[in-house]
Amino acid sequence: MARSAGAYAEVLANAEGYTDLKLNSGEVRRIIWTGLASLGQVSNAEWNLVTIGKAGRSRWLGIRPTVRGSAMNPG
């Protein structure tokens, strides 16, 4: 449920074999309470604050250039 960087989930209630979880998006989900979980918050919460800086660095990370289709020659 909460596996991406900086994600977490709060336990709101335990009742009738289910647990209500509040995700960091605000969504509330009900799951069966027989599942397993790890406690804590996923690390690397500042992943979105990194400035890549130049096109070459994003290429090093394996991100290919994005070209808008409307900018291409239709023929």
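The values are calculated or read from the model by the stated rules, or taken from the named source; none is laboratory data. Since this is a predicted model, take the numbers as computed values, not measurements. Glycine gets a Cβ as well: all are built from the backbone with ideal geometry, and neighbour counts include every protein chain shown. For accessibility, only protein heavy atoms count, side chains too; no ligands or nucleic acids. Shrake-Rupley method; radii C 1.70, N 1.55, O 1.52, S 1.80 Å.
Here the chain is treated as an ellipsoid with the same Cα gyration tensor; its semi-axes, largest first and in whole Å, are 40, 18, 10. Highest mobility in the GNM of the chain, judged by mean-square fluctuation with C-alpha springs under 10 Å and restricted to Glu46, Glu27, Glu16, is found for Glu16. Across the chain, the longest run free of exposed loop sites, meaning trypsin sites (Lys or Arg not before Pro) lying outside DSSP classes H, G, I, E and B with no more than 10 other Cβ atoms within 10 Å, spans 4-53. Computed extension gain for Asn24 through Trp47, at 0.36 nm per residue and net of the alpha carbon distance, reaches 6.7 nm. For a paramagnetic label modelled on Thr34 (point 7 Å from Cα along Cα→Cβ), amide N atoms under 16 Å away belong, within the stretch 1-20, to 15-19. Leaving out ligands, DNA and RNA, what percent of the accessible area of the stretch 8-66 is carbon and sulfur, probe 1.4 Å? The computed percentage sits at 53.
The HN-Hα couplings worked out from phi for the stretch 36-46 by the Karplus form 6.51 cos²θ - 1.76 cosθ + 1.60 (θ = phi - 60°) are 9, 8, 10, 8, x, 10, 5, 6, 6, 5, 8 Hz, whole numbers, x standing for Gly and Pro. Rolling a 1.4 angstrom probe over the protein heavy atoms with all chains in place gives the chain an accessible area of 90 Å² per residue. Dipole size of the chain about its Cα centre, with +1 on Lys/Arg Cβ and -1 on Asp/Glu Cβ: approximately 620 debye, rounded to the nearest 20. Positive contributions from Lys and Arg (+1) and negative ones from Asp and Glu (-1), summed over other residues with Cβ under 14 Å from the Cβ of Ser25, come out at +1. Between the listed residues Ala5, Val50, Gly35, the Cα displaced farthest toward the positive end of the dipole of the chain, a dipole computed from Cβ unit charges relative to the Cα centre, is found at Val50.
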